[in-house]
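Asks: Here it is, the structure in full.
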Amino acid sequence: MYKNFEEFLAKEYKIDEAIIKLCLDAESEITPVFAEIDETAQYNTLKVLRAMQKNKLSEAHLASTTGYGYNDIGRDVLEAIYADVFGAEISLVRPQLISGTHALYVALSGNLRFGDELLSPAGKLYDTLEGVIGVRKTKNSLAENGITYKQVNLKPDGGFDFDALEKAIGKNTKMAAIQRSRGYDMRRSFTPQEIKELISFIKSVKPDIICMVDNCYGEFTGIAEPGNAGADLTVGSLIKNPGGGIAPTGGYITGREQYVENAADRLTAPGIGREIGPGLGSVRHMLQGFFLAPNVVAGCLKGAVFASKVFERLGYEVSPRPDEKRSDIVQSVSFKSKEELISFCEGIQYAAPVDSFAKAQPAPMPGYVHDVIMAAGAFIQGASIELSADAPLREPYTAYLQGGLSWHHAKIGIIAGVGKLKREGFIR
Ligand SMILES: *Cc1c(COP(=O)(O)O)cnc(C)c1O
């Protein structure tokens, strides 16, 4: 028995007591931000609860189908609940959508035809999408299928470049892909309000452009979602925010009926679309995870704010800063060297519930250009809603920290990571 948490943590993880004190002092200064996070979680819990009640979720829905998955009533009600929460007409929520990248690919390729152009109106898209689009040469990319791509970068101040956008939109521009989260970039995440301004502008130039938002890491960080901001399609991963750490796999595509149907035809087959797709026992987990997700996201946000405050105090460059408005759960911290970055990621790994004895190592990853170090000891493979730190090994040596199934675990992991940096002499 230890006398309290501080002593327990210091002894078990061999953490300098001054570091623990610095972290706990930092925590006491961010309580107003925590209060706001709790308010958002409270609102979103009610939002999800009401969607479950209005759609008359019942025990019978928690069973699941196999084979073709015809008449999977649990899957159907899950999809209706997602549509309501995300401000959409219909949705596709499936274990057969294996990842965020897969869901985004299905949404894009289902809606783009030979000769169409895809526009990124707000800078570079997530690394894995470069292979999907063909920015990085791959077999079977959209480019190989006759779909062109144009990108309008953000202005130096981080704002949207409306003049350049107006010039970039042409008669073939069919879709716009907007990434809410920062991804592996130093830019801010976009709030639904900012996304609304961007979509309104795009539609004022050419009203029939299908505006798709990559919502990965953004769900439930505020009370609005992209569907409330005029997005025609909203896409994300269930091993991130909306799966609540419980969904074993899956992705979602929500939005206007016609566009979601087009995506469904690509996922299964033309003429069949959403009619098939067995729940395979995952529907209950997806529902339960969705129910918990607002609260899990709140824990992640608290962890992110805490890390931001602690590292800012220690003199590191952090983004967002502790009191900055957030529209995703990602926190970046820039380290001074590759060695320091790797050391911190190892610290996060050692504080994980699963594979805590493993040493995180940089390695090549499918879909990424640089070697990536990914520290995660997760119950669900690769789930970054669980406490995790990823970093492509390139300058600046920035770690992207996210997740935490509970605020209490996020806090332990971050203090353990900082304690390790101190022990190894990276912090004086
Ligand atoms: C994680 C992520 C993706 C891709 O998701 P995977 O599940 O890793 O394929 C796409 N966009 C953003 C912004 C993400 O954070």
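The values are calculated or read from the model by the stated rules, or taken from the named source; none is laboratory data. As the structure is a prediction and not an experimental result, all values here were calculated from the model. Positions of Cβ are generated from backbone atoms using ideal geometry, with glycine treated the same way; all protein chains shown enter the neighbour counts. Accessible surface is based on the protein model in full, side chains and every heavy atom, while ligands, DNA and RNA are left aside. Shrake-Rupley method; radii C 1.70, N 1.55, O 1.52, S 1.80 Å.
Asks: Can you compute the FRET efficiency between Ala164 and Lys47 using 1/(1 + (r/R0)^6), with r the Cβ-Cβ distance and R0 = 30 Å? Round to the nearest 0.05.
Replies: Efficiency for this residue pair is about 0.25.
Asks: Using label points projected 7 Å from each Cα along Cα→Cβ, tell me how many nm separate Glu197 and Glu59, to one decimal.
Replies: Going by the 7 Å Cα→Cβ label model, 5.2 nm.
Asks: Under the rule of at least 5 residues apart or a separate chain, name every residue whose amide H is placed under 5 Å from the amide H of Gln179.
Replies: Those lying under 5 Å, H to H, from Gln179 are Asp214.
Asks: Counting only C-alpha contacts under 8 Å and six or more residues apart, can you give the relative contact order of the stretch 177-254 as a whole percent?
Replies: 27
Asks: On C-alpha positions alone, give me the angle between the axis of helix 100-111 and the longest principal axis of the chain, in degrees, nearest 10.
Replies: The two axes meet at around 20 degrees.
Asks: Here's something else I'd like to know. What percentage of the solvent-accessible surface of the chain, computed with a 1.4 Å probe over protein heavy atoms, is contributed by carbon and sulfur atoms?
Replies: Carbon and sulfur atoms account for 53 percent of the accessible area of the chain.
Asks: Could you tell me how many degrees, from 0 to 90 and to the nearest 10, lie between the Cα long axis of helix 31-54 and the main elongation axis, the longest principal axis, of the Cα atoms of the chain?
Replies: Value to nearest ten degrees: 40.
Asks: Next question. Taking the Cβ of Lys124 as the centre, find all other residues whose Cβ is under 10 Å away and add up their charges (Lys, Arg: +1; Asp, Glu: -1).
Replies: That sum, taken over residues with Cβ under 10 Å, equals -2.
Asks: Then there's this: List the lysines whose Cα sits under 18 Å from the Cα of Lys14, skipping any in the same chain fewer than 8 residues away.
Replies: By straight Cα distance, Lys14 reaches Lys3, Lys359, Lys411, Lys420, Lys422.
Asks: In nm, to one decimal, how far is the modelled label at Glu89 from the one at Glu312, with both set 7 Å along Cα→Cβ?
Replies: About 4.3 nm separates the two model spin labels.
Asks: Per residue, what accessible area does the chain have, given a 1.4 Å probe and all protein chains present, in Å²?
Replies: Value returned for the chain: 42 Å² of accessible area per residue.
Asks: Where Lys and Arg each count +1 and Asp and Glu each count -1, what net charge lies around His408 among other residues with Cβ under 12 Å from its Cβ?
Replies: Net charge in that neighbourhood comes out at +1.
Asks: Then there's this: For Ser332, tell me the accessible area in Å² from a 1.4 Å probe, rounded to the nearest 10.
Replies: Its accessible surface works out to 0 Å², give or take rounding.
Asks: Please compute the net charge surrounding Gly315, taking Lys and Arg as +1 and Asp and Glu as -1 over other residues with Cβ under 15 Å from its Cβ.
Replies: +3
Asks: Next question, about the same structure. Can you return the lysines within cross-link range of Lys150? Criterion is Cα-Cα under 23 Å, with same-chain partners fewer than 8 residues away left out.
Replies: Of all the lysines, those that pass the test against Lys150 - Cα under 23 Å, at least 8 places apart if same chain - are Lys124, Lys137, Lys139, Lys167, Lys171, Lys174, Lys196, Lys203, Lys206.
Asks: Sort out for me the Cα centre separation of the stretch 237-298 from the stretch 390-428, rounded to whole Å.
Replies: Taking the Cα centre of the stretch 390-428 as reference, the centre of the stretch 237-298 is 31 Å away.
Asks: Calculate, for Lys137 and Leu24, the FRET efficiency according to 1/(1 + (r/R0)^6) with r their C-beta to C-beta distance and R0 45 Å; round to the nearest 0.05.
Replies: Calculated value: 0.35.
Asks: Can you tell me what share of the DSSP beta bridges in the chain is antiparallel? A percent to the nearest 5 is fine.
Replies: Antiparallel: roughly 65 percent of the beta bridges in the chain.
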